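The values are calculated or read from the model by the stated rules, or taken from the named source; none is laboratory data. All of these numbers come straight from a predicted model, not from anything done at the bench. We place every Cβ from the backbone using ideal geometry, glycine too, and count neighbours over all the protein chains shown. The area values use the complete protein model at the heavy-atom level, side chains included, leaving out ligands, DNA and RNA. Shrake-Rupley method; radii C 1.70, N 1.55, O 1.52, S 1.80 Å.
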Amino acid sequence: MDTRVAPQVRPPDPSGAKVASPRRGGLRRSLVRALPVSPAVILLLLFLAGPIGYCAYIAFTDLQLTGQAQSSFVGFDNFRAAFEDEAFLNAVWLTLVFTVLSSLVGQNTLGLALAALMQRASKPVRTVVGGIVVTAWVLPEVVAGFLLYAFFRREGTLNAILDWLHLPSQNWLFTLPILAVSFANVWRGTAFSMLVYSAALNEIPKEITEAAEVDGAGGWRRMWHITLPMIRRSIGTNLMLNTLQTLSVFGLIWVMTRGGPSGKSQTLPLFMYEQAFQKSMIGYGTAVALLLLVVGSLFSVVYMRLLRTEV
Amino acid sequence: MAIPVARTTARPTVRTPLKSRRANRRLAADAGLLVLAAAFALPLVWVVLSSLDPHAGLKVQVPDGVTLDNFDAVLTPDITFTPLLNSLILCGGGTLLTVVCSTLAAYPLSRFRSRLNRPFLLTILFATSLPITAIMVPVYALFVQVNLIDTVQGTIFFFAASQLPFAIWLMKNFMDGVPKELEEAAWTDGASSLQSLVRIVLPLMGPGVAVVTVFSFVMMWGNFFVPFMLLLTPDQMPASVSINEFFGNRGTVVYGQLAAFSIIYSTPVILLYVLVARRLGGGFALGGAVKG
């Protein structure tokens, strides 16, 4: 950047007041100031906004990987086809199950439980438990997938434990694959909620809970009437972020089940991948991707409103 | 591992019933937590034990003899070194690009007032939480058209772009924490914005830059779908994709070696996380996004 511009960038201002509107400095100064943002903006436009725009375009075409030289505009055909496609509806249903089980119920509740227990536990226990849960979270997606694959396989740890307890064992990845991958996602994702809730619970003034305790309110009542209302903003943002993360899980399920057997754990990202690449229907796969993006955007907007950020 | 912890609830109280009730409660909380932690630990215990077990299977079992043969077997150029080097190039390149671009972008956003700041930051925040997985199919189609498919630089660019929104957001928040007064002196002495950014702001927000760097790197290191889609040549695959080889092409799965490789591949990110965990206070992704 040009050194000579500098005095204009910030004119000596003895009062210390903020420099007023950019209009006063003129266009040139605004451009110079905006210059450092440009590499980021170019990258974002080319590699993020571009693909999203392209996504919105090819979702309305019959683009295929092979055979066809030209693709043509087909309007809403891909979407119409999707809603008549049982495999798509199955994927929508499984995505719902996966999200509700693993994100809303699993990660969220377990994360809150862990955070609440940690408030009361002794320090060494807190450190050990926190370490284990966070390690599960930091592990690369594929490694987490393999560990849980081993855990749920017929000859894996879960069945060994069930046998030892004389409970019926079964081939989890075959009989209840969506349940298995949901548990895997809980295992991997709970640390995030735990950290959010630990931070939120730490901010509740001790006096309030202590006063309630002296007044004789039990643990559950304090949780329900005091703690939960006080951290409701954290609950909202945490639910949003969990849901958004869960919507885009691919590697974990891919490693554990590849979406199978016969589509029984095929959530939307895996369905999208199968249509686009294994069946070479890029247009159709992209239409599914666009739907996923739209759902994600809705969640994203709600999340921003919850955050009510002062940008 | 360092994670944010609550203040201890114990505080000298006059009323003994309350005190003993608290002690009981702590015992109960400890017990509950340890049970939960055991469940969380099982898969981790499996990977550690199996990596040392000459006859590793799929369930947690104490090995009858401890051996490093599994590590020995996977520490070859083909299985470990090339994929890890590929990972390092991809994630290193992507991280470098992310950190440089986000630092530059954060500076005017944090220092100057403009009518465009708010819309820009809101767009960035919005992009932060888009499901990137969804756009991988169009990205693939686009990359095929512009001949970026199966190139390392194309993958690096996409990695950087996908990480940028969050990086800019975090970086801007960290930069806001550096008082403006320190720069004003430099400005009156005639320093340019770039000079004051490099000489004054960046040194003061070193920890913030470290957090963004480590976070970006860890996210890319563990990412499977992006290189899985954008790279085709096996020689270019990072560890996140090459680990699949253990299942597919090598016939029977040698679980001990798979476990050993998983440990080698995971160790760098765990170490990096431990390094920055204290800085993060409220946890990784929360520093900027949740606290707002």
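Specify which of the listed residues (B:L96, B:L130) is closer than 26 Å to B:S240 by Cβ and under 16 Å from the mean Cα position of the chain (by Cα).
Only one candidate qualifies: B:L96.
Could you tell me which of the residues B:P138, B:P119, B:P83 is free of Cβ contacts under 8 Å to residues at least 12 places away in the same chain and either buried (at least 22 other Cβ atoms within 10 Å of the Cβ) or facing another protein chain (nearest Cβ under 8 Å) (or both)?
Result of the check over B:P138, B:P119, B:P83: B:P138.
Is it the case that some residue within segment A:264-279 is closer than 30 Å to B:R118 by Cα, in contact with a helix residue (DSSP H, G or I) (Cβ under 8 Å, 6 or more places away or on another chain) and touching a residue at least 40 places away in the same chain (Cβ under 8 Å)?
no
Out of all the residues in segment A:162-176, is one or more open to solvent by 30 Å² or more (accessible area, probe 1.4 Å), more than 11 Å from chain B (Cβ to nearest Cβ), of a type outside the set (A, V, I, L, M, F, W, C) and within 30 Å of A:H225 (Cα to Cα)?
Scanning segment A:162-176 turns up no residue that is open to solvent by 30 Å² or more (accessible area, probe 1.4 Å), more than 11 Å from chain B (Cβ to nearest Cβ), of a type outside the set (A, V, I, L, M, F, W, C) and within 30 Å of A:H225 (Cα to Cα).
For segment B:126-162, which positions are part of a loop (DSSP other than H, G, I, E, B) and not aliphatic (A, V, I, L, M)?
Across segment B:126-162, the qualifying residues are B:S129, B:P131, B:N147, B:D150, B:T151.
Being more than 9 Å from chain B (Cβ to nearest Cβ) and not aliphatic (A, V, I, L, M) is the filter here, so list the residues in segment A:284-308 that pass it.
A:Y284, A:R305
Scanning segment B:188-202 for residues that are among the hydrophobic types (A, V, I, L, M, F, W, C) and facing chain A (nearest Cβ under 7 Å), which turns out most open to solvent (accessible area, probe 1.4 Å)?
Going through the qualifying residues, I end up with B:L194.
All but one of (1) at the interface with chain B (Cβ under 10 Å from one of its Cβ atoms); (2) modelled with pLDDT of 85 or more hold for A:V311, so report the exception by its number.
Just one mismatch for A:V311, condition (2).
Restricting segment B:86-116 to residues that are free of Cβ contacts under 8 Å to residues at least 12 places away in the same chain and out of contact with any helix residue (DSSP H, G or I) (no Cβ under 6 Å at 6 or more places or on another chain), which is most open to solvent (accessible area, probe 1.4 Å)?
B:R115
Take A:T190 and tell me if it is under 17 Å from A:L117 (Cα atoms) and either in contact with a strand residue (DSSP E or B) (Cβ under 7 Å, 6 or more places away or on another chain) or modelled with pLDDT of 90 or more (or both).
Answer is yes for this residue.
Output the residues belonging to segment B:101-116 that are within 8 Å of chain A (Cβ to nearest Cβ) and out of contact with any Lys or Arg (no Cβ under 6 Å at 6 or more places or on another chain).
B:C101, B:S102, B:L104, B:A105, B:Y107, B:R113, B:S114, B:R115, B:L116 - these are the residues of segment B:101-116 that are within 8 Å of chain A (Cβ to nearest Cβ) and out of contact with any Lys or Arg (no Cβ under 6 Å at 6 or more places or on another chain).
Of all residues in segment A:128-137, how many are of a type outside the set (S, T, Y) and without any contact (Cβ under 8 Å) to a residue 24 or more places away in the chain?
Residues in segment A:128-137 being of a type outside the set (S, T, Y) and without any contact (Cβ under 8 Å) to a residue 24 or more places away in the chain: 4 in total.
Residue check, A:A217 against (1) open to solvent by less than 30 Å² (accessible area, probe 1.4 Å); (2) more than 11 Å from chain B (Cβ to nearest Cβ); (3) in contact (Cβ under 8 Å) with a residue 40 or more places away in the chain, all met but one. Which one?
So the condition that A:A217 fails would be (3).
Go through segment A:252-264 and give me each residue that's over 18 Å from the mean Cα position of the chain (by Cα) and either polar (S, T, N, Q) or open to solvent by less than 20 Å² (accessible area, probe 1.4 Å) (or both).
The answer is A:V255, A:M256, A:T257, A:G259, A:G260, A:S262, A:G263.
Can you name the residue in segment B:50-62 that is more than 15 Å from A:V143 (Cα to Cα) and open to solvent by less than 60 Å² (accessible area, probe 1.4 Å) and is also nearest to the other protein chains (Cβ to nearest Cβ) among such residues?
B:V60
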